[in-house]
Amino acid sequence: MLLSNYTFSVNLSHVLLFEHHLNTVIHPFLKSNKLVSEAKSFKLLTEVHHDGLTVSLQLFFPSTEEFTSFEQNDQARFFELLDEKFAGNYVYFQSLLEEF
């Protein structure tokens, strides 16, 4: 099992819209993708900054093959869906973790 974690720092002025967009657009997109076995969103409760919010979007993949296929075929669309409304209002980094 692999976990691809996207950690977003979202401008405070866009936080509520970003959360809503994750729930109504991004999660349905991910659930319709057979490569992603599960997707979860979390808000960071420590190290809170008053100029924004940190959100973690966690995508679970059964194996490296599914993860690689998602990156090659679907990740661009994932970011297009975010950038349609939030381009310039978030930064992110991605981590890949393997269960042991």
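The values are calculated or read from the model by the stated rules, or taken from the named source; none is laboratory data. In this text, all values refer to a predicted model and were calculated from it rather than measured experimentally. With ideal geometry, Cβ positions are generated from the backbone for all residues, glycine too; neighbour counts draw on all protein chains shown.
Restricting to the stretch 87-100, name every residue that is surrounded by fewer than 17 Cβ atoms within 10 Å (Cβ to Cβ) and either touching a residue at least 12 places away in the same chain (Cβ under 8 Å) or not aromatic (Phe, Trp, Tyr) (or both). Walk me through it before giving the result.
If we filter the stretch 87-100 for residues that are surrounded by fewer than 17 Cβ atoms within 10 Å (Cβ to Cβ), which is where we start, we get 87-88, 91-100.
Of everything in the stretch 87-100, those that are surrounded by fewer than 17 Cβ atoms within 10 Å (Cβ to Cβ) and either touching a residue at least 12 places away in the same chain (Cβ under 8 Å) or not aromatic (Phe, Trp, Tyr) (or both) turn out to be Ala87, Gly88, Val91, Tyr92, Phe93, Gln94, Ser95, Leu96, Leu97, Glu98, Glu99.
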In the stretch 67-86, residues that are surrounded by 14 or more Cβ atoms within 10 Å (Cβ to Cβ), of a type in the set (A, V, I, L, M, F, W, C) and more than 13 Å from Leu22 (Cα to Cα) total 2
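Would the stretch 56-66 turn up any residue that is surrounded by fewer than 14 Cβ atoms within 10 Å (Cβ to Cβ) and either of a type in the set (Ser, Thr, Tyr) or modelled with pLDDT under 95 (or both)?
As a first pass, look at the stretch 56-66 and keep what is surrounded by fewer than 14 Cβ atoms within 10 Å (Cβ to Cβ): 62-65.
With the extra rule that they be either of a type in the set (Ser, Thr, Tyr) or modelled with pLDDT under 95 (or both), the set shrinks to 63-64.
Taking every residue of the stretch 56-66 in turn, at least one turns out to be surrounded by fewer than 14 Cβ atoms within 10 Å (Cβ to Cβ) and either of a type in the set (Ser, Thr, Tyr) or modelled with pLDDT under 95 (or both).
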Please pick out the residue among Leu96, Leu82 that is outside any loop (DSSP other than H, G, I, E, B), closer than 20 Å to Val25 by Cα and among the aliphatic types (A, V, I, L, M). Leu82
Within the stretch 1-15, residues being more than 12 Å from Lys43 (Cα to Cα) and at pLDDT below 95 number 4
Counting only residues that are without any contact (Cβ under 8 Å) to a residue 24 or more places away in the chain and in contact with a Leu (Cβ under 6 Å, 6 or more places away or on another chain), give me the strands (runs of 3 or more DSSP E) lying completely in the stretch 1-67 with at least 1 of them. 38-43
Would it be correct to say that Val25 is surrounded by 13 or more Cβ atoms within 10 Å (Cβ to Cβ), in contact with a helix residue (DSSP H, G or I) (Cβ under 9 Å, 6 or more places away or on another chain) and either among the small types (Gly, Ala, Ser) or under 17 Å from Leu97 (Cβ atoms) (or both)? no
